[in-house]
Amino acid sequence: MSTTTTPAPRRSRLNRLDRLERLERGQTQLEGLLLLGGIVAVMWIIEVINTLDSNRLDSDGLYARNIDRIWGIITFPFIHASFAHLTDNTIPFVFLGAIIALHGAARLARVTILIILLGGLGTWLIAPSYPPTIGASGVVFGYAAYLLARGFFDRSLLELLVGAIVGVVWGAALVSSLVPHQGISWQAHACGGVAGVLVAWRMSARDGRGRRATKPAATASAAP
């Protein structure tokens with residue numbers, strides 16, 4: 001009876017590569033979580049300033065179809081009406097954002113920026129012209145929709161499981177927020193959700209092309 005073993009130098013090289021890969025993955029995840037923490041810190045700093053300034057920053061929110069104040073598309077997710085409003089948004093923002101952040105700061109930055117721009121533009125087009133829209137709940141909806149849709153587009157069991165968890169934990173609250181309520185912008189929620197699906201579709205297609213482009217090279221390097 002004969003057996004084959006991996007030569008010691010090769011095993012050592014594989015172990016080093018495995019450790020390096022784990023370190024790089026850990027660094028990527030840490031960078032993503034730090035960026036998420038930075039975004040949340042900016043929101044809280046802005047709310048402290050807003051409170052000390054008698055909530056005057058509320059006027060820098062999003063004014064629908066107002067060309068002169070279209071820059072509100074970028075500013076309105078970072079402005080909140082009160083600390084209670086900010087707290088309500090921070091909890092799901094951190095929970096959902098952390099799942100995305102585990103894929104790295106670059107992924108979190110792209111998803112967040114695109115949701116803010118696309119969701120904000122949609123809100124700017126369909127929301128009431130007054131009062132101004134403020135708050136990060138549209139981005140929260142975008143994160144949730146992104147996570148729910150990503151598994152379907154990628155046909156990934158793990159990502160489908162993540163989406164299912166998001167649906168179980170936040171689904172009822174998210175759906176109820178789409179029902180018109182006084183003082184709640186269902187338009188921002190709906191547009192953020194649509195933006196999240198669009199971002200998931202676009203990035204899934206982009207990542208799929210990247211995997212197909214690198215697969216031949218990886219196969220060639222593995223050949224004896």
field: region 120-154, subset buried (at least 17 other Cβ atoms within 10 Å of the Cβ) and aromatic (Phe, Trp, Tyr), residue farthest from the chain's Cα centre (by Cα)
entry: 124
- prompt: Do the conditions hold for residue 172, that is, is it at pLDDT below 90 and of a type outside the set (Phe, Trp, Tyr)?
  reply: yes
- request: Specify which of the listed residues (48, 42) is more than 20 Å from the chain's Cα centre (by Cα), β-branched (Val, Ile, Thr), surrounded by fewer than 20 Cβ atoms within 10 Å (Cβ to Cβ) and at pLDDT 95 or above.
  value: 48
message: Need pairs with beta-carbon distance below 7 Å; first residue more than 13 Å from residue 77 (Cα to Cα) and in contact (Cβ under 8 Å) with a residue 40 or more places away in the chain and within region 115-133, second of a type in the set (Val, Ile, Thr) and in a helix (DSSP H, G or I); sequence gap 6+ or separate chains.
response: 122/194
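Restricting to region 135-157, count the residues that are in a helix (DSSP H, G or I) and under 30 Å from residue 55 (Cβ atoms).
9
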- request: Restrict the check to region 52-61 and report whether at least one residue is buried (at least 17 other Cβ atoms within 10 Å of the Cβ), touching a strand residue (DSSP E or B) at 6+ places or on another chain (Cβ under 9 Å) and under 19 Å from residue 190 (Cα atoms).
  value: yes
query: Quick one: residue 27 ticks every box in (1) of a type outside the set (Asp, Glu); (2) modelled with pLDDT under 95; (3) in a loop (DSSP other than H, G, I, E, B) bar one, so which box is it?
result: (3)
- request: Within region 202-211, identify whether any single residue is crowded, with 20+ Cβ neighbours inside 10 Å, basic (Lys, Arg), assigned to a helix (DSSP H, G or I) and at pLDDT 70 or above, and answer yes or no.
  value: no
message: Residue pairs, Cβ under 9 Å, 6 or more apart or interchain, first in region 29-50 and closer than 12 Å to residue 106 by Cα and touching a residue at least 40 places away in the same chain (Cβ under 8 Å), second basic (Lys, Arg) and part of a helix (DSSP H, G or I). List them.
response: 32/107
field: Out of 87, 75, sole residue that is surrounded by 17 or more Cβ atoms within 10 Å (Cβ to Cβ) and either touching a Pro at 6+ places or on another chain (Cβ under 7 Å) or among the hydroxyl-bearing types (Ser, Thr, Tyr) (or both)
entry: 75
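Considering 117, 102, 157, which residue is surrounded by fewer than 21 Cβ atoms within 10 Å (Cβ to Cβ) and modelled with pLDDT of 95 or more? Write out each step before concluding.
Working: 102 fails: modelled with pLDDT of 95 or more; 157 fails: modelled with pLDDT of 95 or more.
Matching residue, one of 117, 102, 157: 117.
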- request: Would you check if there is a residue in region 78-98 being among the small types (Gly, Ala, Ser), under 21 Å from residue 159 (Cα atoms) and in a helix (DSSP H, G or I)?
  value: yes
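The values are calculated or read from the model by the stated rules, or taken from the named source; none is laboratory data. The structure displayed is predicted, hence computed values, not measured ones. All Cβ positions, even for glycine, are placed from backbone atoms using ideal geometry, and neighbour counts span all protein chains on display.
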